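Inspection log for the structure reproduced underneath, given as structure tokens.
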Amino acid sequence: MKSRVSKHRTNRVITQSKQSYSVLFVMTLFALCLILSNCQSDEEIKRQRYITEGILVYKNNCANCHQSKGEGLAALYPPIAGSDYLSNKKSVICLIRYGQQGPIVVNGKPYNRPMPAQPQLSDLEVAELVTYIYNEWGNETKLTGVKEVTPVLEKCRK
């Protein structure tokens with residue numbers, strides 16, 4: 001009888017240990033999933049930083065004409081938000097640095113106001129601005145980095 005009770009207790013202890021380990025494993029797995037889902041990748045942190053800086057560049061250099069929400073200004077300055085012009089990112093990059101003279105058609109509407117060049121903007125600032133514009137109004141969720149912008153600027157400068 002004594003050995004039967006002892007065996008029963010041993011089995012109960014083993015079962016409780018297994019349950020404890022199972023609970024511990026599930027809790028650890030849950031915590032790990034929670035940590036991984038809340039952590040942002042380095043690339044995402046960099047993209048967010050570019051967007052934040054791009055907002056400042058936009059407010060200081062673009063918002064007077066294109067307005068704070070990118071809607072443009074009547075028939076004077078074209079919209080950026082919802083603009084078909086955003087379909088050619090290389091042209092947008094060149095336009096930011098070197099400006100625009102002469103007529104332009106955006107979303108089927110003609111505009112003929114000069115856009116001043118922004119030669120004071122560094123390649124990094126252009127990349128930040130492009131990242132902001134395309135993430136805000138161009139249906140993108142990615143970074144446009146300096147490594148992408150610099151060769152485009154070199155090419156359109158010539």
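Bear in mind that the values in this text are calculations on the coordinates, not laboratory data. No experiment lies behind these values; they were computed from the predicted model shown. All Cβ positions, glycine included, derive from the backbone under ideal geometry; neighbour counts span all protein chains shown.
In nm, give the distance between the simple-model label positions of Ala81 and Arg49, each being 7 Å from the Cα along the Cα-to-Cβ direction.
So the two model labels end up 2.9 nm from each other.
Just subtract the alpha-carbon distance of Cys39 and Lys69 from 0.36 nm times their residue separation and send over the number in nm, one decimal.
Taking Cys39 through Lys69 to full extension adds about 7.8 nm, to one decimal.
Expressed in whole Å with the largest first, what are the equivalent ellipsoid semi-axes of the range 42-157 derived from the C-alpha gyration tensor as the square root of 5 times each eigenvalue?
Semi-axes (√(5λ), whole Å): 22, 16, 13.
List the GluC sites (Glu not before Pro) within the range 53-158 that DSSP assigns to loop and that have no more than 14 neighbouring Cβ atoms inside 10 Å. Show your work: numbers first, answer last.
Values: sites: Glu53, Glu71, Glu125, Glu128, Glu136, Glu140, Glu148, Glu154; in loops: Glu71, Glu140.
Filter output for the range 53-158: empty list.
What is the sum of charges around Gly138, taking Lys and Arg as +1, Asp and Glu as -1, for the other residues whose C-beta is under 12 Å from the C-beta of Gly138?
Numbers: positive: Lys89, Lys142; negative: Asp84, Glu136, Glu140.
The answer is -1.
If you add up the charges near Tyr111, with Lys and Arg at +1 and Asp and Glu at -1, over every other residue whose beta carbon is less than 15 angstrom from its beta carbon, what do you get?
Working: positive: Lys109, Arg113; negative: Glu71, Asp84.
Net local charge, Tyr111 excluded: 0.
What is the local net charge at Gly72, summed over the other residues whose Cβ is closer than 11 Å to its Cβ (Lys, Arg +1; Asp, Glu -1)? Intermediate results must be reported in sequence, preceding the final value.
Values: positive: Lys69, Lys109, Arg113; negative: Glu71.
Result for the neighbourhood of Gly72: +2.
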